[in-house]
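The values are calculated or read from the model by the stated rules, or taken from the named source; none is laboratory data. Keep in mind it's a predicted model, so treat the numbers as computed, not measured. Here the Cβ positions follow ideal geometry from the backbone for every residue, glycine too, while neighbour counts run over all protein chains shown. Just the protein is used for accessible areas: all its heavy atoms, side chains included, with ligands, DNA and RNA removed. Shrake-Rupley method; radii C 1.70, N 1.55, O 1.52, S 1.80 Å.
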Amino acid sequence: MSAHEVTVWSVTPGLLSESPRWHEERQELLWVDILGRQMHRGTLSPDGTLERVETISVDRHIGAVAPAAGGGYVLAAGPGFLIVDDAGPVRELAQPEDGRTDVGIGWSPDASTMYLNDSGTGCVDTFWFDNPSGAISDRSTLVHIDQPGVVPDGLTVDEEGGIWVALWNGGAVHRYAPDGSFLASVQLPVQRPTSCAFGGPGRDTLFVTSARTGLDDDALARQPHAGKVFAIDGLGVRGLPGTPYRGWTPRSPDR
């Protein structure tokens, strides 16, 4: 891995920042603050630094955000989903009878393997994934994190098939090969990284969200940037193109 640089990218910390997602078409980074019930859109300046952030607040916890193919954004919020129009209004999209919505899932470059971080077991698991039908099978453990108190949280996959895993309570992001072998570690100045995603004009910056929830005053004094988004450059790899949500069509103005 090339020499890398870690910088603090966002300004205002969240309680539980999560679900970074690069919006290729609009060249913006999306992320949420689960406990703060907020969705953020960060626009980049030409040099890759944060230019401005637009924040949208909702009335429930937000687990994830994704751009919609027809415009707007889809939020996994509470027990279901919300849609945010480009004009700003938030509307119900679907509310299943039971269940919760969250992420921690990624796919191999050829989309034949699905990766899942299971924080409860401390494992990164793999599934065979049938792209046409969406069926999954053949679950197996790829990596087991055996550090006490450290669990795998969100993940992303690069163009070479490397799996990047944010380690909650581990203060780092690890990269693993598709066979589960350890490849690299990037240390962060915070204890609780939550997830990661590649983005930026070249899709070669790894953005990492983090949390400050549950940390006492002493811990926060040692890590004043807990809860912010970090940017890691110089990794020498690129992320996979993002796929927008395609299950919703925006309303026309007269509807």
Per-residue ellipticity at 222 nm attributable to helices in the chain (runs of n ≥ 4 DSSP H, -39500 (n - 2.57) apiece, nearest 500 deg cm²/dmol) works out to -500 deg cm²/dmol
By the mean-Cβ-within-10 Å protection proxy, highest first, 12-23, 182-193, 137-148 rank as 12-23, 182-193, 137-148
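What number comes out for the charge environment of Gly234, summing +1 per Lys or Arg and -1 per Asp or Glu over other residues with Cβ under 12 Å away?
On the way: positive: none; negative: Glu5, Asp204, Asp233.
In short, -3.
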Sorting Val208, Phe182, Thr126 by the position of each Cα along the dipole of the chain (Lys, Arg +1; Asp, Glu -1; all at Cβ), the one nearest the positive end of that ordering is Val208
Expressed as a percent, the accessible surface of the chain that is carbon or sulfur, using a 1.4 Å probe and the full set of protein chains, is 49
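Based on a Kirkwood Rh over C-alpha pairs, give the Stokes-Einstein translational diffusion coefficient of the chain at 37 °C and viscosity 0.692 mPa s in µm²/s.
On the way: Rh = 18.5 Å.
Result for D is 177 µm²/s.
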Scalar couplings 3J(HN,Hα) for segment 198-209 by Karplus 6.51 cos²θ - 1.76 cosθ + 1.60 (θ = phi - 60°), nearest whole Hz, x for Gly and Pro, are 7, x, x, x, x, 6, 10, 9, 8, 8, 10, 8
Taking N as the number of residues in segment 144-255, the ratio of its alpha carbon radius of gyration to 2.2 N^0.38 Å works out to 1.26
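Using a 1.4 angstrom probe, figure out how much accessible area segment 158-249 has per residue, in square angstrom, rounded to the nearest whole.
On a per-residue basis, segment 158-249 sits at 39 Å².
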Counting sequence-distant residues (5 or more places) and residues on other chains, those with an amide H built under 5 Å from that of Phe198 are Phe207
Here the gain from full extension of Gln27 to Thr121, 0.36 nm per residue of separation minus their alpha-carbon distance, amounts to 30.3 nm
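Based on the mean of other Cβ atoms within 10 Å per residue, sort peptides 70-79, 107-116 so the most packed one is first. Present the calculation step by step, with values, prior to reporting the outcome.
Working: 70-79: 20.2, 107-116: 16.2.
Order by mean packing, descending: 70-79, 107-116.
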